[in-house]
Amino acid sequence: MTVEPNHIYQYSLINALMAGIADTGIKVSDFTTKGNLGIGTFTKIQGELVLLEDQVYQLQASGDVRVAEPEEQLPYAVATNFVPQRTVQAVFKNKDDLDRVLDEFDNHAANLFMSYRIDGTFSYLKARTVRGQEYENQPLAELGSKQAVQEYENVEATVVGFRTPSAWQGFMVAGEHMHFISKDKKAGGHILEMISKGEVNVGVAVVHNVHIELPTSEKFNAAKMQTDSAGIGGIEG
Ligand SMILES: [Zn+2]
């Protein structure tokens, strides 16, 4: 990895996805040079993305997981060259326990970013995967009612996530945004709820360098972008 540890690289903006700008993006082969841990989505907002080590996985609404091809494009994706500053053991009774764990790690990072990787067994995971746009430029918020929601029990998995300061809502997803992939690489999605089975390992890093690359496409420049906090919360919360 040639990129600096614990910087964030992001392609495009959540607001662009909200405006349905999802036809083109960064190539998978370029994205994997930006880090070893990441999340995002695919063209036409088809499913969820996990970057783990040097592999990009597509978590599909059908429940299947596939490895993305180098030439595929990603309309919105976030990566970091993750080097945990500390790894702790933690128990999660629910998703919100993560904020407690992150605050214990550093309670002065309210206006900084955090990246984290959780490894272990979860007694319960609830996750969604978007089904994809049904027409050109369909806004992300419209896909919320048609997402596939699945529940998993006793699954060994890796959770990849970022915590974003509230003022960045619209550029990214404010608060927690995490995706998981099972250890056998057969299941995954955008996490809605999680309960750990006993202690799991949580690696955390504070991030104070963020690089955002914007699309140069006609569509991106023609889009009417605004921050719809309720809409983002509805689909990404
Ligand atoms: Zn997501």
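Placing unit charges on each Cβ (+1 for Lys and Arg, -1 for Asp and Glu) gives the chain a dipole about its Cα centre, and among THR32, PRO70, SER182 the Cα reaching farthest toward its positive end belongs to SER182. Placing unit charges on the Cβ atoms only, positive for Lys and Arg and negative for Asp and Glu, gives region 1-131 a dipole magnitude near 360 debye about its Cα centre. Write down the percent of antiparallel bridges among all DSSP beta bridges whose residues are both part of the chain, to the nearest 5. That works out to approximately 95 percent antiparallel. With Rh defined as the Kirkwood radius, the inverse of the mean 1/r over Cα pairs, the Rg/Rh of the chain is 0.93.
Per residue, the solvent-accessible area of region 102-218 (1.4 Å probe, heavy atoms of protein chains only, all protein chains present) comes to 46 Å².
Principal axis extents of the Cα atoms in region 131-237, from largest to smallest and rounded to whole angstrom, are 49, 36, 24. Ranked by solvent-accessible area (1.4 Å probe, protein heavy atoms only, all chains present), the residues LEU214, LEU13 order from largest to smallest as LEU214, LEU13.
Each Lys and Arg Cβ is given +1 and each Asp and Glu Cβ -1; about its Cα centre, region 8-236 then shows a dipole of about 100 debye. Mean separation of Cα pairs under 8 Å and 6 or more residues apart, divided by the residue count, gives the chain a relative contact order of 29 percent.
Tally up the carbon and sulfur contribution to the accessible surface of region 8-236 as a whole percent, 1.4 Å probe, everything protein left in place. The value for region 8-236 is 45 percent carbon and sulfur by accessible area. Each peptide in 15-26, 63-74, 182-193 gets a packing score, the mean of other Cβ atoms within 10 Å over its residues, and the list from highest to lowest is 15-26, 182-193, 63-74.
Over the residues of the chain, the helix contribution to mean residue ellipticity at 222 nm works out to -3000 deg cm²/dmol, using -39500 (n - 2.57) for each DSSP H run of at least 4.
The values are calculated or read from the model by the stated rules, or taken from the named source; none is laboratory data. Remember, it's a predicted structure, so these values are computed and weren't measured experimentally. Positions of Cβ are generated from backbone atoms using ideal geometry, with glycine treated the same way; all protein chains shown enter the neighbour counts. The protein model used for the area step is the full one, side chains on, heavy atoms only, and it has no ligands, DNA or RNA in it. Shrake-Rupley method; radii C 1.70, N 1.55, O 1.52, S 1.80 Å.
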